[in-house]
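Structure first, then comments.
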Amino acid sequence: MARKSMDAVALLKADHRKVETLFEQFDKAHGAERKTELVTQICAELCVHTMIEEEIFYPACQAKVEDEDVVDESYVEHDSAKVLVAELVESGPDDEFFDAKVSVLSEEIRHHVKEEEKRGEGLFAQAKKAGLDLEALGERLMARKQELMEQIESQGLPSIETRSFTGHRLEQGKPVESGAEPAG
């Protein structure tokens, strides 16, 4: 059955609602298996969503929207989320900070969605005001999304790359033990 055409903003908003629902399900989930299943879905959805926005939607908006800083901020917000996605992909529900990382990722995504969907001045509103062909963009986004979903189905998640984070060398320290006395 052919999928009904959806403009770019409607498609991206539908993605937002789906991920919000998955985060809500995670908050209510019990058991390692269910949490792992939900995080796998969340990470896959976020990987695809960020890729289609970064490959197609953001470049279409660049130099066309009123406030180009909004596009730059979107890339940085994506990169911040990608760090947590990478952490979650390599861990599991029994790992320290797992639930906390999911919670922080949820908060970051909620903030990002609010920024993109903000009435009048968010990126989606600016894209509409700029007169972008949202129907054509929607078709391109959907085609790429389907391609990426098939790729994930057959090969797993693609490697995660950041676009705005560069050259940092972070060292991992040991987590603070609960009940430990503060240093100093």
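Bear in mind these aren't lab numbers, they're just calculated from the coordinates by the rules spelled out. Worth saying up front: this structure is predicted, and the values here are computed from it rather than measured. All Cβ positions, glycine included, derive from the backbone under ideal geometry; neighbour counts span all protein chains shown.
Subtracting the Cα-Cα distance of ASP99 and GLU171 from 0.36 nm times their residue separation leaves 23.7 nm of extension gain.
Do any GluC sites (Glu not before Pro) in the stretch 8-70 lie in a DSSP loop with no more than 16 other beta carbon atoms within 10 Å, and if so, which? List each step's numbers first, then the result.
On the way: sites: GLU20, GLU24, GLU33, GLU37, GLU45, GLU53, GLU54, GLU55, GLU66, GLU68; in loops: GLU66, GLU68.
Counting only loop positions with at most 16 other Cβ atoms within 10 Å, the GluC sites (Glu not before Pro) in the stretch 8-70 are GLU66, GLU68.
When the alpha carbon gyration tensor of the stretch 8-155 is reduced to an equivalent ellipsoid, the three semi-axes, largest first, read 28, 16, 13 Å. Can you give the calculated 222 nm mean residue ellipticity of the chain, where each DSSP H run of n ≥ 4 adds -39,500 (n - 2.57) and the sum is split over every residue, rounded to the nearest 500 deg cm²/dmol? Result for the chain, helices only: -21000 deg cm²/dmol.
Summing charges over all other residues whose Cβ lies under 11 Å from the Cβ of PHE165, with Lys and Arg as +1 and Asp and Glu as -1, gives 0.
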